Amino acid sequence: MLSEFIEKQLGRARYELLEDKTYYGEIPGLRGVWANAKHLENCRRELREALEGWLLLKLRDGDSIPGLKVEVQRRRMALHA
């Protein structure tokens with residue numbers, strides 16, 4: 001379920017070649033999920049890591065996640081896309 005969510009979000013990513021010849025990537029609608037790297041593939045990899053970290057923090061804090069329904073029942077967590 002999480003892998004599906006991550007892949008879906010990465011499919012929405014936008015990349016831009018900056019004037020300094022580095023790549024900037026972000027996922028629209030997911031505030032704080034961005035990356036910057038010298039090569040496009042490195043930018044993609046860093047963006048995935050940023051998304052995973054963002055997702056873990058949102059889950060830990062019980063925050064809402066656009067496009068993912070999270071239900072916590074006592075000591076069990078259920079994820080729905």
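Show which aspartates and glutamates lie in cross-link reach of Lys21 when reach means a straight Cα distance below 20 angstrom and same-chain residues fewer than eight apart are skipped.
Result set, ordered by chain and number: Glu41, Glu46.
Leaving out same-chain residues fewer than 8 places away, which aspartates and glutamates sit with a Cα under 15 Å from that of Lys8?
Within the straight-line limit of under 15 Å, Lys8 reaches these aspartates and glutamates: Glu26, Glu49, Glu52.
Only the coordinates and a few stated rules stand behind these numbers; no lab work does. Nothing here was measured: the structure is a model prediction, and the numbers come from that model.
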